[in-house]
Amino acid sequence: MRPSIRPPPLLLAACLLLSSFSLSLEERRSQEELFLGSLGLSGRPRPAGSRQVPSALWRMFRRSESQQARDSDLCTVSEYGVRGNIIRYVQDQGRLVSGWSSSCQACLEKQLYFNMSVLQPVELLSLAQLEIKFHWKLLQGPRALSVSLYKVIRATLRGADPTASRRLLLSQSVRLQPEPTSVAMDLTPLAESWRKPGRNYGLLLELLPLSTDPEELFPFHPGNSLPLEPAFHLPLIQASLVAVSLNPHQCRSRQRRSAVHLPVTPSNVCKARRLYIDFKDVGWQDWIIAPQGYMANYCHGECPFPLSESLNGTNHAILQTLVHSLDPHGTPQPCCVPIRLSPISMLYYDNNDNVVLRHYQDMVVDECGCR
């Protein structure tokens, strides 16, 4: 009896999409959904623009490629010292509240909101680090800022005291430099609570310019109790949440050869065959950032009697080939299937325009055998 063997869903979907153009449109969409579902995507991402990939994520992607060649552990993010195989830069979806605050007349307030529903329920959150960058084109006015970060614990009703609905998380002074100034903070426990429905009210960032002459920075009109817009150039605030998570079902110990050289001589015997998957061929180059394609390979060929040691046959396969030689019509040959696969790393946009680095298992066929 032919054994029931199911190839990895991502590799299966990619191979079918590229090699079976005779499939109907509905069948090809079904395979595309299988591919996207394996990445935790609800549908095909449609990036709104060319969001810049953080340089740190590029470095991690290049390191992961070299790690695969050295049989290294792809389920540990050494940059942060935590377990994980998915790294997301979750975008801030908050807004600038106003040029001043009711609780602090000289402050600038900015809401920060990070959608943690992008994580699948199976994922274990290892780290959530808030990164805020202040970019200054011209250093006019204050040379330092007082930065306060608050956790919003509930929605604020109109007319209510806003300070009663928030808790201080961070307060520090930041010196302004010509290059971007950064503030980082570990928010892992808070981000974990945000994964529960109705628990994410975001954060509030409050900036207070530090100066010996506040009236020079925030001039007042005679008879007006509210300050005008600040006289200095406001900073460009970029905030992101680096979320490192672990999908335990996609983090098995697998080794990979430092180099895989497949034979090119024609043969009908079971072995690995070359298959290069180019994401541009199926129109996915707009949301898959890197790699542009990869050598996936596939298994094909017969498992003849007697099975040689090079065909990596199991005891069951050896007996099945024996029975097949006696009754070729009643018993089929064993299947030629992958017996050793290795991972690749993918850098892509998700359905919320977040940049994601994911180490995905069982993507490359390294060796085939009879089963």
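The values are calculated or read from the model by the stated rules, or taken from the named source; none is laboratory data. Bear in mind the structure is a predicted one, so any value in this text is a computation, not a measurement. Every residue, glycine as well, gets a Cβ built from its backbone with ideal geometry; the counts of neighbours run over all protein chains shown. Protein only, heavy atoms only, side chains kept; ligands, DNA and RNA dropped before computing areas. Shrake-Rupley method; radii C 1.70, N 1.55, O 1.52, S 1.80 Å.
Answer yes or no as to whether R167 is part of a strand (DSSP E or B), among the basic types (K, R), at pLDDT 85 or above and loosely packed, with under 14 Cβ neighbours inside 10 Å. Here the answer is yes, as R167 does meet what is asked.
Kindly provide the set of residues from the stretch 269-294 that are under 29 Å from G49 (Cα atoms), open to solvent by 80 Å² or more (accessible area, probe 1.4 Å) and in contact with a Leu (Cβ under 8 Å, 6 or more places away or on another chain), ordered by number. Once the filter is applied, which keeps residues that are under 29 Å from G49 (Cα atoms), open to solvent by 80 Å² or more (accessible area, probe 1.4 Å) and in contact with a Leu (Cβ under 8 Å, 6 or more places away or on another chain), the stretch 269-294 yields only D281. Within the set of pairs 6+ apart or on separate chains, which have a first residue in the stretch 270-287 that is farther than 30 Å from C303 by Cα and free of Cβ contacts under 8 Å to residues at least 12 places away in the same chain, a second that is open to solvent by less than 20 Å² (accessible area, probe 1.4 Å) and not in a loop (DSSP other than H, G, I, E, B), and C-beta atoms under 8 Å apart? So the pair list comes out as Q285/F279. Evaluating W58 against the criteria (1) at pLDDT 80 or above; (2) in contact with a helix residue (DSSP H, G or I) (Cβ under 7 Å, 6 or more places away or on another chain); (3) part of a helix (DSSP H, G or I) leaves one unmet condition, (2).
Are any of the residues in the stretch 334-342 at positive phi, open to solvent by 20 Å² or more (accessible area, probe 1.4 Å) and within 42 Å of the chain's Cα centre (by Cα)? First the steps, then the outcome.
From the stretch 334-342, those at positive phi are none; that's our starting set.
No, the stretch 334-342 contains no residue that is at positive phi, open to solvent by 20 Å² or more (accessible area, probe 1.4 Å) and within 42 Å of the chain's Cα centre (by Cα).
Screening L322, L307 for residues that are more than 28 Å from L57 (Cβ to Cβ), among the aliphatic types (A, V, I, L, M) and open to solvent by 60 Å² or more (accessible area, probe 1.4 Å) leaves exactly one candidate, L322.
Residues in the stretch 93-141 that are open to solvent by 40 Å² or more (accessible area, probe 1.4 Å), modelled with pLDDT under 65 and not aromatic (F, W, Y): S102, S103, Q105, K137, L138, L139, Q140, G141.
Filter the stretch 34-44 down to residues that are over 13 Å from W284 (Cα atoms) and not hydrophobic (A, V, I, L, M, F, W, C) and give me whichever is surrounded by the fewest Cβ atoms within 10 Å (Cβ to Cβ).
Filtering the stretch 34-44 for residues over 13 Å from W284 (Cα atoms) gives 34, 37-42.
Then keep just the ones that are not hydrophobic (A, V, I, L, M, F, W, C); that gives 37-38, 40, 42.
On the way: G37: 14, S38: 19, G40: 18, S42: 11.
Among residues in the stretch 34-44 that are over 13 Å from W284 (Cα atoms) and not hydrophobic (A, V, I, L, M, F, W, C), the one surrounded by the fewest Cβ atoms within 10 Å (Cβ to Cβ) is S42.
In contact (Cβ under 8 Å) with a residue 24 or more places away in the chain, aliphatic (A, V, I, L, M) and surrounded by fewer than 18 Cβ atoms within 10 Å (Cβ to Cβ), is that true of M346? When the stated conditions are applied, M346 does not pass them.
The set of residues from the stretch 177-224 being part of a loop (DSSP other than H, G, I, E, B), at pLDDT below 60 and open to solvent by 70 Å² or more (accessible area, probe 1.4 Å) comprises T212, F220, H221, P222, G223.
Of the set (1) among the hydrophobic types (A, V, I, L, M, F, W, C); (2) closer than 30 Å to L190 by Cβ; (3) modelled with pLDDT of 90 or more, all apply to V269 but (2). Here A259 meets the list (1) at pLDDT below 80; (2) among the hydrophobic types (A, V, I, L, M, F, W, C); (3) in contact with a helix residue (DSSP H, G or I) (Cβ under 7 Å, 6 or more places away or on another chain) almost entirely, failing just condition (3).
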